[in-house]
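A short worksheet on the structure shown next.
The values are calculated or read from the model by the stated rules, or taken from the named source; none is laboratory data. Treat the numbers as computed from the prediction; the structure is a model and nothing was measured. Cβ sites come from the backbone with ideal geometry, for glycine too, and all protein chains shown count toward neighbours.
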Amino acid sequence: MQRLGHGAEILEDAAAGGCGDGQRVQALRLVEAERDSGGGGGADGAEHRRRVPATRVVDVRLPQEQSAPNFLAGDIGRHHARAIRARARAGGEHRRHDHRARVATIANIAKLNRQIRGRTDLVVARNAAGMMRAKIEGKLAVVLAFQSSGGLGGDVGMVEIYHQLGVKAMNLAYNKAELAADGCTEAHDGGLTDFGRRVMAEMNRVGMLLDLSHTGYRSIMEAMEASTRPAAFTHSNAFSVFGHPRNIRNDQIRAHIATGGVIGINGHPAFVRAGTAMPTMDDLMAQLDQILGIAGVAHVGMGLDFSQPPGQQMTAGRYAQPLADGIFTPDTLPPPAIRYPVGDASFLPRVTEALLRRGWSDDDVLKRLGGNFLHFFADVWGG
């Protein structure tokens, strides 16, 4: 267990056979309930605690076991995903369900639940009421989410099973091509498959949030048109400010807001400003201003995408893995060292200060710091 600071933590569980730096990870969302001890000390910390909403979202990672060479538990291997896409696009449903993905993913959920049961300061939350209850009790509310649909193992029925196990959000693709959709760095940009449409319909039915970050342009536009429930970009920036493939274009923002969605401004240094791996707070605010100018106050929050504990850089082994998998390149993911505009999770009061310096009201600051997401979660998940 590694502390990120300001109450946020990375939950780590050594997989059987070890958990090396080169192993891929599956993202979860940690919705942090503010605690009286959080927010730093002194007047600045007290001001942040007074203004911050009940929850905010940061990234935590759960290590994955590899059950075969190049096979990533909870995520269909990219070689496998590409091999089956042609069949899916030709109208043939993928019938070779991959039980390895499902078994490994369920095992990881079980491990995480054991970790949480062993702690008195953590609790799994399944709706907005659970997040608020965690805040009142001085605990951190952990919300499970997948950044890839690969854990389904080709079986639409697993959407309901994972939802019953507490998984509240899922991406259809993580950067590259998957069975359900193309990711944002996939050159083909083929859009949703028939399987992807069935997955999304099932997510709508059971109330699992569709996360559009990391997804390809055409897949995003088709998903927003087909979905019967609002989706979210939980951690995405404006392409018009920085033309990175992970960032979203103005027409996507407009279409998204028309569906009632919310966009979390991404603080990861790779996606904030061109030409630097050490963007400033002003650079992050430029991203916020651009999306706010299109989306409006009610549809914007923060999705800062923290991936390392305070004071630590990504190791060479961990950096090499997404490059080897083809998920990123050195151009789309700069090598260490990088620096977040905020610093790290222990310096989140800097975000409050930056918003106040720009003359925003207390009410608008609260919306941006998590109030919009909390209201959105209540609509999508209930409570």
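Points to keep in mind about this one:
- For the stretch 338-345, the condition holds for at least one residue, the condition being that it is surrounded by 17 or more Cβ atoms within 10 Å (Cβ to Cβ) and touching a strand residue (DSSP E or B) at 6+ places or on another chain (Cβ under 8 Å).
- Within the stretch 345-368, one or more residues are farther than 30 Å from ALA187 by Cβ, among the aromatic types (Phe, Trp, Tyr) and modelled with pLDDT under 90.
- Selection within the stretch 300-310 - over 12 Å from ASN237 (Cβ atoms) and crowded, with 22+ Cβ neighbours inside 10 Å: GLY301, PHE306
- Residue match in the stretch 194-213 (condition: farther than 19 Å from GLY260 by Cα and under 17 Å from the mean Cα position of the chain (by Cα)): no
For (1) surrounded by fewer than 16 Cβ atoms within 10 Å (Cβ to Cβ); (2) in contact with a Leu (Cβ under 9 Å, 6 or more places away or on another chain); (3) outside any strand (DSSP E or B), each residue gets a yes or a no:
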site	(1), (2), (3)
ARG114	yes, no, yes
ALA129	yes, no, yes
MET132	no, yes, yes
ALA141	no, yes, no
SER148	no, yes, yes
VAL156	no, no, yes
VAL159	no, yes, yes
TYR162	no, yes, yes
ALA169	no, yes, no
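- Boolean, ARG102 is without any contact (Cβ under 8 Å) to a residue 12 or more places away in the chain and surrounded by fewer than 24 Cβ atoms within 10 Å (Cβ to Cβ): no
- Test for TYR162: is it touching an Asp or Glu at 6+ places or on another chain (Cβ under 8 Å), aromatic (Phe, Trp, Tyr), touching a residue at least 40 places away in the same chain (Cβ under 8 Å) and within 28 Å of ALA125 (Cβ to Cβ): no
- Flag set for GLY275, criterion: out of contact with any strand residue (DSSP E or B) (no Cβ under 8 Å at 6 or more places or on another chain), free of Cβ contacts under 8 Å to residues at least 12 places away in the same chain and under 30 Å from ARG357 (Cβ atoms).
- Hey, THR315 of a type outside the set (A, V, I, L, M) and touching a Ser or Thr at 6+ places or on another chain (Cβ under 8 Å) or not: no
- Any hit, the stretch 181-201, residues being under 12 Å from SER148 (Cβ atoms), in a loop (DSSP other than H, G, I, E, B) and modelled with pLDDT of 95 or more: yes
- Taking first residues from the stretch 188-204 that are within 17 Å of MET158 (Cα to Cα) and crowded, with 24+ Cβ neighbours inside 10 Å and partners that are modelled with pLDDT of 95 or more and of a type in the set (S, T, N, Q), the Cβ contacts under 7 Å between residues at least 6 apart in sequence or on separate chains come to VAL199/SER149; MET200/SER227.
- Only helices (runs of 4 or more DSSP H) whose full extent lies in the stretch 283-383 are considered here, and the ones with at least 2 residues that are under 19 Å from the mean Cα position of the chain (by Cα) and closer than 22 Å to ASN247 by Cα are 316-324, 372-381.
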